[in-house]
1. Please state which of the following conditions I504 fails to meet, knowing it meets all the rest: (1) part of a strand (DSSP E or B); (2) farther than 16 Å from V751 by Cα; (3) touching a residue at least 40 places away in the same chain (Cβ under 8 Å).
2. Given the conditions (1) part of a loop (DSSP other than H, G, I, E, B); (2) open to solvent by less than 10 Å² (accessible area, probe 1.4 Å), and given that I169 satisfies all but one, which numbered condition is not satisfied?
3. Considering only the range 219-234, state which residues are open to solvent by 30 Å² or more (accessible area, probe 1.4 Å) and in contact (Cβ under 8 Å) with a residue 24 or more places away in the chain.
4. Tell me, please, whether a residue that is aliphatic (A, V, I, L, M) and open to solvent by 50 Å² or more (accessible area, probe 1.4 Å) can be found in the range 240-253.
5. Residue check: is D92 among the acidic types (D, E) and open to solvent by less than 20 Å² (accessible area, probe 1.4 Å)?
6. Looking at the range 626-662 only, could you name the residues that are acidic (D, E) and modelled with pLDDT under 95?
7. When you check F872 against the structure, is it under 14 Å from V804 (Cα atoms) and in contact with a His (Cβ under 9 Å, 6 or more places away or on another chain), yes or no?
8. Can you pull out every residue in the range 693-712 that is outside any loop (DSSP other than H, G, I, E, B) and under 22 Å from D749 (Cα atoms)?
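The values are calculated or read from the model by the stated rules, or taken from the named source; none is laboratory data. Bear in mind that the values here come from a model prediction, so they are computed numbers and not experimental data. Positions of Cβ are backbone-derived with ideal geometry, glycine not excepted, and every protein chain shown enters the neighbour counts. Quick note on the areas: whole protein, heavy atoms, side chains included, nothing else; ligands and nucleic acids left out. Shrake-Rupley method; radii C 1.70, N 1.55, O 1.52, S 1.80 Å.
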Amino acid sequence: MKSCRVSLSVAAARRLSAAGDEEKKMAAGKASEPEEDAPRLSAQESDALARVDSSLFGYQRLHEDGASMKALLVKAVRCYESLILKAEGKVDPEFFCQLGHFNLLLEEYPKALSAYQRYYSLQSDYWKNAAFLYGLGMLYFHYNAFQWAIKAFHEVLYIDPGFSRAKEIHLRLGLMFKVNTDYESSLKHFQLALIDSNHCTLSKAESKYRAAKEAYESLLQTEDLPAQVKAATLQQLGWMHHTVEQLGDKANKDSYAIQCLQKSLEADPNSGQSWYFLGRCYSSIGKVQDAFISYRQSIDKSEASADTWCSIGCVSVRSIRTADVYMKSSSAIVTRTHFTVGCNFCLQLKQSSSGQIRASLPNGPSLPAHPAPPLANGPQPPSVGNNHTPGTRTNGDVPYLHPNTLPHNCTSPGDTWRSQQITFFFMYNVTLIYRNLGKNGLSSSSILLNKCPPPRLPPPPSPPLAKDKLNPPTPSIYLENKRDAFFPPLHQFCTNPSNPVTVIRGLAGALKLDLGLFSTKTLVEANPEHLVEVRTQLCQPADENWDASGLKKQWRCESIRSYTTISTYAQYQASSFQESLREENEKKGQKELSDSEATSSETVSRRQKGPLKQVKFGTNIDVSDEKKWKLQLQELGKLPAFARVVSAGNLLSHVGHSILGMNTVQLFMKVPGSRTPGHQEHNNFCAVNINIGPGDCEWFAVPEPYWGVMSEFCEKNNINFLKGSWWPNLEDLYEANVPVYRFIQRPGDLVWLNTGTVHWGQAIGWCNNISWSVGPLTAYQYKLAVERYEWNKLQSVKSMVPMVHLSWNLARNIKVSDHKLFEMIKFCLLRTLKQCQTIKEALVSAGKETVWHRRSRDEPAHYCSICEVEVFNLLFVTSHSYSRKSCVVQCQDCARKASSELDGFVVLQQFRMEDLMQVYDQFSLVSRFI
């Protein structure tokens, strides 16, 4: 099957050729009219253009050996523009897409963006065209509009994970995420680029140079940087710009290098090395006198430098001062123990009768590769992507119409902007890689409804809520006895989508739960050496979030991870309580508390203006081991079925293996100020949280329909919504008309967080909490779980719940009476069946046999070890890992990037196609009344 982009290109070229023939006929019939000088494409030229699209960008040397192609592209642009003008707007949208490709290859960026914009506005299913999205992403990257480039590139990889230029995309995504300080995502995309064996315009060596440059520029942003460190950093940065060709054109590099070295000397005027480097830079641009002065300063600071004497000889040659040349070169020979440089220089001078001599000079110090955010080539432009630094403009001066769609209108940049843009395109190779796409260019791995575009952020609900409704009361249900807890309407109320959060008060008392089993004292007695993850955080009011200085509000929620044991954390928890009592007693001794004395939270708020105290939060304590925590887990069996860790009506109970913190219990040990940052549960599942006590917790919750707004706030603050740590600013949410539920959870209260609810919370007192996720067996829950599964795939984030694996288990294990739920599960089965069959056929045609590898009991679902997408049934493992029985799994796309012929890979098959088809056939809708 031909790829979508190739077939569309061919069609457009043929239509253009046919239009040219029609134009000839019309011209012949109008001999009396003056003939217009309109270019026409021959059949051969049309065929050549049929295979031209954005994937050639960076691989076609139009300025060197591609003159004929450049001439053809220029002619094609004139021809397309002429035809579009004559058609008076009635043109196939594909013409605009091709016009965008041609202008992109010609580096006519404003024209390319304009053409792509027209294609986007005319072609409703533009998202099926991977070449269009790739070209658009390259343009946004060129303009430093990183926010939009990231979105475009993500969509390319979503609709076609095996896209021929995936390596180019991953490299640029890595660079852009580093700019946005999202180092985890950056590292992932750099690793994905490294495993790809396809050609790339950026070599590994160039990547190291850029990493070093980015590290130095990032270091310079550090506040209160010591003068010596600043001087050394600027010295290295300046010298690197002078010596590394890949960092831009010579004029800009040298100018920036001189600026850096001058600033370095301002910080450390006594650095002979910096004076020497500055002299080299001046010499390279012909400023001989300035070079001499710099070299003289270098000699004064470090007289024994052979490099400096040799360079003075070089400058003397340029000035035709032959006597000086011999003297300085001799000084270099005498000074340097290994005097090869000076000798070679003298030999070159003796062999030359002219003043045009090029000496072989040392290249300066080696530069370490150091990971850090990439900045602009040379001085920082007014705006870089989505950094949102104070006083800058976002999106590279590119205005946009709507925040969630691509592409958008763009003003043509001026010459000043072009000179400041980041340049990442070099080392071009004439290579073209074609790969067949799936039907309509879509990835067959999507389990969303067919013919859907890539998932997008949802717009906020409309119309917006009135300001007086932005602080709604939290639904609270008070239980008096066990019968109330098992009353069916309670389950229905909690899972109703109109109730984002429900607090069930007095649950522990009604069910006679022994919460003492989860107290710190009991935990220490049961398993004192059990592992505890510790987050060191800043203690501050629950409705505020300050930086470490306590002077500036922010969204980013800082914390440092470490590990300890239950017994050690218990000691900290106790000492924290004793310290607090001591402080309270001291206050009482100074002044008797009045009835209007502020609460502990208000007291913290009042002493806010200054450095904040640190607290340690014991989090993610795994209590899933039935041998270690038998009594605790048995006690939770008293809960009503809909809130239990394991039940037949819980989707997560059908996964078939443990997912820590989701279908297993986690414990949290807290002191006042311990924070659980903002998040949604993995794959939008519900959550149950019980406060063990003795202290209270304060909660905040936002309804699921507003998660797109929350994600945009995170993006504006350079935080990854899915993986970052953030604490919302309530003032921002109020201005954006986002409703926030705020409530107190007391000991014995159960908080039910409904499907997809965004939430965050903080301990008011000393307490422990237990929590786990629940998946109600409803169409609403399944739909939102699948949507997040696809959104995670688009964002290159691992889905903790393997929805394909879960869907097949549901088909085997349960009877479904909900028609919508049945249809969605059935569709997921159908899509994965089709995907398995397609992969099998491709393997057969390639002569690659599968190895039967029956799935074992309780075997976890598999994920690609490279890109982290779920891999179902057909597992691609390296021959080396298979021989060692470790079986490191990859998906087909990552395996083929490492080896297009799958050399060195073994394909394991876990289910027979006949068995899967039988499961599919037997999964049927049942009546509610059976």
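1. Going through (1) part of a strand (DSSP E or B); (2) farther than 16 Å from V751 by Cα; (3) touching a residue at least 40 places away in the same chain (Cβ under 8 Å) one by one, I504 breaks only (2).
2. For I169, the failing item is (1).
3. As a first pass, look at the range 219-234 and keep what is open to solvent by 30 Å² or more (accessible area, probe 1.4 Å): 219-230, 232.
Matches in the range 219-234: L219, A227, Q228, K230, A232.
4. Our first condition is that a residue be aliphatic (A, V, I, L, M); within the range 240-253, this holds for 240, 244, 247, 251.
Filter once more, keeping what is open to solvent by 50 Å² or more (accessible area, probe 1.4 Å): 251.
Yes, some residue in the range 240-253 is aliphatic (A, V, I, L, M) and open to solvent by 50 Å² or more (accessible area, probe 1.4 Å).
5. On the way: among the acidic types (D, E): yes; open to solvent by less than 20 Å² (accessible area, probe 1.4 Å): no.
The answer is no for D92.
6. Applying the first criterion (acidic (D, E)) to the range 626-662 yields 626, 635.
Residue satisfying the conditions is E626 alone.
7. Values: under 14 Å from V804 (Cα atoms): yes; in contact with a His (Cβ under 9 Å, 6 or more places away or on another chain): yes.
Judged against the criteria, F872 is a match.
8. Taking the range 693-712 and keeping what is outside any loop (DSSP other than H, G, I, E, B), we get 693-694, 697-702, 704-712.
Result: G693, P694, C697, E698, W699, F700, A701, V702.
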